[in-house]
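The values are calculated or read from the model by the stated rules, or taken from the named source; none is laboratory data. Only a predicted model underlies this, so the values are computations on that prediction, with no experimental measurement involved. Because the Cβ atoms are built from the backbone with ideal geometry, glycine has one as well, and the counts that use them run over all protein chains shown. Note: accessible area is taken over every heavy atom of the protein model, side chains too, but ligands, DNA and RNA are not part of it. Shrake-Rupley method; radii C 1.70, N 1.55, O 1.52, S 1.80 Å.
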Amino acid sequence: MRQIMPIIFILAAIALFFFYTNPQFQALKLNLADQSKIVEANDKAAKLRAVRQSLTDDRKKIAQEDVDKIVKMLPDGVENVGLIIDIDNIASKYGMRIRNTKVNDGSSGKATSAAIAGPDSKKYGTISLSFSVSSTYENFIAFLKDLEASQRLVDVTALTFTSNKEGRYEFNVTLQTYWLK
């Protein structure tokens, strides 16, 4: 009996190890692995909070007036009507009125080469605007300079003109403007 008791204790210790201690140890290892992932995620979150705070501080340094200028230059939406009103206001300084306004936002259904090649990954959209004005050459040049100096970002893509007997010209302008998607 003396020799059987140590064997029973050894077998009980081995059984205890395999049926209780080892499963608990494996569960602890999994918890430690999960805990290290959580600590890593917390570290990343702290870094992101620091970056966000830095960007917020930088944003607070920009005057609201400057932010308004940026939004006017590159708006968040298409704002066709606002663009036409802005251009008409510039033209009215020179005694001109814009006529025959046409807006082409690219949704005409025609397949473009970009659409054929794949999805559009640009972060901005473009709109083409055509209009006509009647003016003298000098006033039209001044109008274009004011249009160039305006806060809204526009590119003149086409310009045609015809003359009449009164020394005035009929200018047909096509321009392209941009907006954030």
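Below is a table of values for the structure above.
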| read-out | value |
| --- | --- |
| Amide H within-cut-off set for Tyr94, under 5 Å, with H built and near neighbours excluded | none |
| Computed helical MRE - 222 nm, the chain, DSSP H runs ≥ 4 contributing -39500 (n - 2.57), nearest 500 | -17000 deg cm²/dmol |
| Heavy-atom accessible surface of the chain: percent carbon and sulfur, 1.4 Å | 60 |
| Residue-span extension gain [Phe18 to Ala63] - 0.36 nm each, minus C-alpha spacing | 9.4 nm |
| Dipole in debye (nearest 20) - the stretch 25-102, about Cα centre, beta carbon charges: Lys, Arg +1; Asp, Glu -1 | 100 |
| The stretch 143-181 and the stretch 46-69: distance between their alpha carbon centers, rounded to Å | 36 |
| Estimated FRET transfer efficiency (Asn172, Ser121; beta-carbon r; R0 35 Å; 0.05) | 0.60 |
| Cα-centre dipole for the chain with unit charges at Cβ (Lys and Arg positive, Asp and Glu negative), debye to 20 | 640 |
| Span-like helix ranges in the chain, DSSP H, alpha carbon extent 27 angstrom or more, Kyte mean at least -1.0 | 22-61 |
| Residue-normalised accessible area of the chain, given per residue in Å² at a 1.4 Å probe | 75 |
| Compactness of the chain as Cα Rg over 2.2 N^0.38 Å, two decimals | 2.23 |
| FRET efficiency, 1/(1 + (r/R0)^6) with R0 45 Å, evaluated for Gln26 and Val78 via beta carbons | 0.15 |
